[in-house]
Amino acid sequence: MSQDQKSTTTSANAYQVEVAPGRRRLVNALAGAGLVVSIVAGLLTDGPTLWGLLPIVLYAVLCLLGMDIVVGTVVAVLSGVLIAGLSPIETGTLLGKSLADSVTAIGLIIVLGAGVGEVLRVTGVATTIVSGVMRVAGNRSKVAVVLGVMVACLILVASLGTLAGALAIAAPIVLPITARLGYTRAATASMIFIGGCAGLTIAPFAGSNVAIMTAADVNYLTYLGYGAGPLALLSLALGPFVVAYIQRRTARTGDEYDLAELVSDDSATTARAPRAATATFLVVLLGSVVYATVTEAGTNFPLLALPVLGIVTGLAGRLSAKDIAEHMYRGGAKLISILLLFWLLAALFALIDQLAPFKVILDQLGPELATVSGFGVAIAIALLGWVGVPGATAAQVVLLDKVFGTLAASAGVGPGAWVVVLLFASKADTYGPFPNANMVGAMGLARSSDLKSMLITGWMMLVPACVMYAVILLVTT
């Protein structure tokens, strides 16, 4: 489940979840039993061992049953430490080295992105982008309005790198427009959901997308060409038809808006220079993406690009250095638990590398892998990630790559196909088959309570996406 699939909350923990007391006791009992088994395994084994799979299995089971992801990761790390038989000093050294790991850097990128998003909000950049797109789209043609709403949400989400926060800015602007043209609440929710999800897929500095590019060792253009670009184009092509269907099934059912209830956003009017800030932001963003693509910059480039984006945009919006720092701090502080999660994940993966369970598997199955279809392996991993791997989207990508990357490469899954596998595995659950917080969030912002229509929207996007990606994998493996 992606980080955007969590409800907006005032909690400092972005992964806070609520579980029933009975399930909490079950989860705690399983965690305790797993640690006991880890102690025994540590006493009985040495060197590469299949027991190295236990921390990963424990992590997956605990998180799927509802344990806080950060806490589940702590349990998994402790399990790995016990199996590896590390002393306290060795454990401290492991955690210290993990701070400089590329996995931890991805967590910091997510935090920095949230800080930039806060600057874009207060400078009026986000509002200006949406308003500008809607002016270009006009309000005479319904198809133009649908595309305008989707494109506005796409651009805003791609710029901020977050779904919920960007749609919260876009909704007050687009709702009065769709309401005047008679679109229902369910149809409007469908518009912003499809456009926002497409934007999150192509966001150049979103943590999950950086993780995919890092795992597949590809640049942004390759990532767009194989994975994100096709989904974004599919969304824009199918979106109007999906929205039209939702509109037909919900029209004249009392799902229409009352224009008197809709209020417009005023962030652009309180900003000092929203147009100048917007122009500056778009120029610097485009320049950063081009530079990163040409130079094939790696994971560390957003660590510089994101602060520069925030500072330059803030200055163009006539914010003082103190105000820019405060807004960056405020935005990033909301996701500090993500940085902690990725630091722990870096330590977990270092432990898995030390225990080397997959080396044992590959040594035993090496000859057979030559006969395994790369297409079959790719499909299996993609489906496993879709239905069975818990965690934030970026963490999910890292987990899949660390666990299955070597196996996929041995089966002939190349970088382009690996992009598709990781993208589908980490983002498909946003579209279904079950309800999720991204859907509910879009519904809430559109003031809709029609979950069935939102599920239909997700399914109508998911099925063609599955076919499209299956064809891409068949060609590239």
message: Quick check: the angle from helix 415-427's long axis to the longest principal axis of the chain, C-alpha only, nearest 10 degrees?
response: 70
message: Output wanted: per-residue J couplings in Hz (rounded whole) for the stretch 251-257, from phi through Karplus 6.51 cos²θ - 1.76 cosθ + 1.60, θ = phi - 60°, x for Gly and Pro.
response: 5, 6, 10, x, 8, 6, 7
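Within the chain, what whole-number % of the accessible surface is contributed by carbon and sulfur, with the 1.4 Å probe and all protein chains included in the calculation?
Working: 13220 of 19800 Å².
Using a 1.4 Å probe with all protein chains present, the chain comes out at 67 percent carbon and sulfur.
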statement: Taking the reciprocal of mean 1/r across every pair of different Cα atoms in the stretch 107-193, the Kirkwood radius in Å is 13.1
statement: Given trypsin sites (Lys or Arg not before Pro), DSSP loops and at most 16 other Cβ atoms within 10 Å, the longest exposed-site-free stretch of the chain is 319-477
field: Solvent-accessible heavy-atom area per residue, rounded to whole Å², over the chain at 1.4 Å
entry: 42
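For the stretch 73-139, report the convex hull volume of the alpha-carbon atoms normalised per residue, in Å³, without decimals.
Per-residue hull volume (Cα only) is 142 Å³.
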statement: Once phi for every residue in the stretch 59-75 is put through the Karplus expression 6.51 cos²θ - 1.76 cosθ + 1.60 (θ = phi - 60°), the whole-Hz ³J(HN,Hα) values, with Gly and Pro written as x, are 4, 5, 5, 4, 6, 5, 7, x, 5, 3, 4, 5, 5, x, 5, 4, 4
q = 0.09, 0.12, 0.14, 0.18 Å⁻¹, the stretch 39-183: log10 I(q)/I(0) [Debye, one scatterer per Cα]: -0.53, -0.70, -0.78, -1.01
message: Could you tell me the relative contact order of the chain? Use alpha-carbon pairs under 8 Å, at least six residues apart, and round to a whole percent.
response: 27
message: Can you tell me the orientation of helix 274-295 relative to the chain, as the angle in degrees between its alpha-carbon axis and the longest Cα principal axis, to the nearest 10?
response: 40
Which of Val312, Ile324, Val243, positive extreme of dipole for the chain (C-beta unit charges): Val243
- request: Please identify which residues in the stretch 401-435 have an amide N closer than 19 Å to a label point set 7 Å out from the Cα of Asp217, following the Cα→Cβ vector.
  value: 401-423
message: Would you report the distance distribution of C-alpha pairs in the chain as whole percents per 10 angstrom bin, up to the bin with the largest distance?
response: 4, 20, 29, 26, 14, 5, 1, 0
field: Violating pairs (Cα-Cα greater than 28 angstrom) within the set Lys142/Lys334; Lys334/Lys427; Lys97/Lys427; Lys402/Lys452
entry: Lys142/Lys334; Lys97/Lys427; Lys402/Lys452
- prompt: What are the semi-axes of the equivalent ellipsoid for the stretch 385-476, taken as the square roots of 5 times the Cα gyration tensor eigenvalues, largest first, in whole Å?
  reply: 29, 15, 8
query: What is the pair-distance distribution P(r) of the stretch 160-221, computed from all Cα-Cα distances in 10 Å bins starting at 0, with each bin given as a whole percent?
result: 21, 40, 23, 13, 3
query: How far, in degrees from 0 to 90, does helix 142-160 lean away from the longest principal axis of the Cα atoms of the chain, to the nearest 10?
result: 50
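The values are calculated or read from the model by the stated rules, or taken from the named source; none is laboratory data. Small disclaimer: the values here were computed from a predicted structure and weren't measured. Note that we place each Cβ from the backbone using ideal geometry, even for glycine, and neighbour counts take in every protein chain shown. Areas reflect the complete protein model, heavy atoms only, side chains present, ligands, DNA and RNA absent. Shrake-Rupley method; radii C 1.70, N 1.55, O 1.52, S 1.80 Å.
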